[in-house]
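Here's the structure we're looking at; comments come further down.
Quick note: the coordinates plus some simple rules give every number you see, no bench work behind them. Source: prediction; values computed, not measured. In this analysis, Cβ positions are derived from the backbone assuming ideal geometry, glycine residues included, and neighbour counts consider all displayed protein chains.
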């Protein structure tokens, strides 16, 4: 609400927030890609079939899978929120422009 009791929106603030939220989504996606790439690249670094492999699969793999799932969900949810926030800013801006054009000038 503005000081006069009318609804107001900071369009640039919303747009900026949407862009920042989208950057978080991109960061989550990049982290997930790096974790996955490192896991694939080094999955046999300790050999194959030995104690190191067994320990890796038993102790690291479950956490890796949960972390990747979390990052994927974060990317999906935050990415959608960022784009919707930008859309809200555009809608407020268009509504304001339409209202100003429809209002008779005194």
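Quick check for you: which residues of the range 61-102 have the amide N under 14 Å from the point 7 Å beyond the Cα of residue 19 toward its beta carbon?
Within reach of a label on residue 19, which here means backbone N under 14 Å from a point 7 Å along Cα→Cβ, the range 61-102 contributes 83, 86-87, 89-90.
Taking 0.36 nm per intervening residue step and subtracting the Cα-Cα distance, what contour gain separates residue 76 from residue 10 on full extension?
Full extension from residue 76 to residue 10 adds 21.2 nm.
Based on the Cβ-Cβ distance from residue 40 to residue 84, what FRET efficiency comes out when R0 is 25 Å, to the nearest 0.05?
Approximately 0.15, to the nearest 0.05.
How far, in degrees from 0 to 90, does helix 11-41 lean away from the longest principal axis of the Cα atoms of the chain, to the nearest 10?
Computed tilt is about 10 degrees.
Counting alpha carbon pairs within less than 8 Å and at least 6 residues apart, what relative contact order, in whole percent, applies to the chain?
Reported relative contact order: 50 percent.
How far is helix 61-102 tilted off the main Cα axis of the chain, in degrees rounded to 10, range 0 to 90?
Rounded to the nearest ten degrees, it is 10.
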